[in-house]
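For reference, the structure discussed in these notes is given below.
The values are calculated or read from the model by the stated rules, or taken from the named source; none is laboratory data. It should be emphasised that the depicted structure is a prediction, and the values quoted were computed from it without experimental measurement. Methodologically, a virtual Cβ is constructed for each residue, glycine included, from the backbone with ideal geometry; neighbour enumeration extends over all protein chains shown.
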Amino acid sequence: MRLTHRTHLPPRPSGSALDADIPWYTQFIPHEPGTGRLRARPAGVEAVLAGGTMSTAADRAIAARLTAAAPDFAAWLAAHRLVQQRALRYAVDVLGLRQVLELGCGHWTSPGSAYSWIWRWETNHPGQRLRYVGLDADPIVTGAIHQGTGTWPAHTVVRGDLANLGTLCDGIRLAGQLDLTAPVLVLATGVLQHLDRPGPVLSEARAQACAGSVLAVSHPALPARASTELYDAIEEYRRDVAPWWPRLASAAGEILSAWSVPPGDIMPVGRWHPPTPTPGDNDPVPVPVADAPGWAALAVIPHTSFPERGRA
């Protein structure tokens, strides 16, 4: 397991021998054995689907395959970003949390990222800062984000495998990047499908966090009548990119077994909202986003009573 803090990737050299159409960061991406082609990455594929820029031809090819099989696939991904944004507003503006730990953060430049929300919040609240740590196994994610966070020392990304979450949190604690004796929002939105066994990862997150902490989780599923083309595209993703395991809401209880889930809080992903409404929660949502296959939930480590749904 490799643990890297404050990883900086070198700028593209002047007069680089790299092909002009290949981004400078591709020198850090693994190649397919025997072909020399760049491998697609989960963060790169998701960046394409979100309308971001940190991607390669391999990422774009996989994204195109998914959207050809399911034209609403990008909208389904947007549903998970919607959960993320609503959870951030609730945790920060309603519960008063000031620390965020994001599992599988992806590219901070992608539209709708958690980091972009934090940047806007701090811009609108002069003099206030949120502590943010993102975790991701992708060296491009962990390198590129630091090129935009030099003036915000409370923001960082740690490179590592989520299966080693305990070791990663030890490093975060020692580096003083988060105070895990104080409540933290743990974001696990649209990432658990890449894990063969997500339950132990969330159990470790529960062990690391303290009372008053909150977990926001969302997980994709496949539509009830998924086409053969979509099944084939998902198999291609598994083969060429990373594991991708759709799970129904019936699996949520086992995955979230270490946390306390308030009654009624496991909902369809595109229709999830926090127990206390925040500005923007009632904004119109496109139908493909609202009907996205998958589920979302808010879980807590109680130290006081959290508001039940329908009660402010």
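For the structure I just gave you, tell me whether residue 65 is closer than 21 Å to residue 212 by Cβ and either among the polar types (S, T, N, Q) or at pLDDT 95 or above (or both).
So residue 65 fails the test.
Given the structure, is residue 168 within 24 Å of residue 119 (Cβ to Cβ), assigned to a helix (DSSP H, G or I) and either among the hydroxyl-bearing types (Ser, Thr, Tyr) or touching an Asp or Glu at 6+ places or on another chain (Cβ under 9 Å) (or both)?
So residue 168 passes the test.
Limited to the stretch 74-99, what total is found for residues that are surrounded by fewer than 22 Cβ atoms within 10 Å (Cβ to Cβ), among the polar types (S, T, N, Q) and touching an Asp or Glu at 6+ places or on another chain (Cβ under 8 Å)?
Looking only at that region, the number is 0.
Could you say whether any residue in the stretch 220-240 is within 25 Å of residue 133 (Cα to Cα) and small (Gly, Ala, Ser)?
Checking the stretch 220-240: not a single residue is within 25 Å of residue 133 (Cα to Cα) and small (Gly, Ala, Ser).
Does the stretch 172-184 include one or more residues that are more than 17 Å from the chain's Cα centre (by Cα), outside any loop (DSSP other than H, G, I, E, B) and of a type in the set (Asp, Glu)?
Checked against the condition, which is being more than 17 Å from the chain's Cα centre (by Cα), outside any loop (DSSP other than H, G, I, E, B) and of a type in the set (Asp, Glu), the stretch 172-184 yields no hits at all.
Among the residues of the stretch 46-94 satisfying the criterion of being in contact (Cβ under 8 Å) with a residue 60 or more places away in the chain and of a type in the set (D, E, K, R), which is farthest from residue 267 (Cα to Cα)?
Checking each candidate, the answer is 65.
So that you can scan it fast, the table gives a plain yes or no per residue for (1) assigned to a helix (DSSP H, G or I); (2) of a type outside the set (A, V, I, L, M); (3) modelled with pLDDT under 95; (4) more than 23 Å from residue 302 (Cα to Cα):
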{"position": "203", "(1), (2), (3), (4)": "yes, yes, yes, no"}
{"position": "216", "(1), (2), (3), (4)": "no, no, no, no"}
{"position": "226", "(1), (2), (3), (4)": "no, no, yes, yes"}
{"position": "230", "(1), (2), (3), (4)": "yes, no, no, yes"}
{"position": "234", "(1), (2), (3), (4)": "yes, no, no, yes"}
{"position": "237", "(1), (2), (3), (4)": "yes, yes, no, yes"}
{"position": "242", "(1), (2), (3), (4)": "no, no, yes, yes"}
{"position": "247", "(1), (2), (3), (4)": "no, yes, no, yes"}
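Within the group 71, 33, which residue is exposed (fewer than 14 other Cβ atoms within 10 Å of the Cβ), over 30 Å from residue 132 (Cα atoms), modelled with pLDDT of 90 or more and more than 19 Å from the chain's Cα centre (by Cα)?
71
Return only the number of the condition from (1) under 15 Å from residue 46 (Cα atoms); (2) modelled with pLDDT under 90; (3) of a type in the set (Gly, Ala, Ser) that residue 104 does not satisfy.
Result: residue 104 fails condition (2) only.
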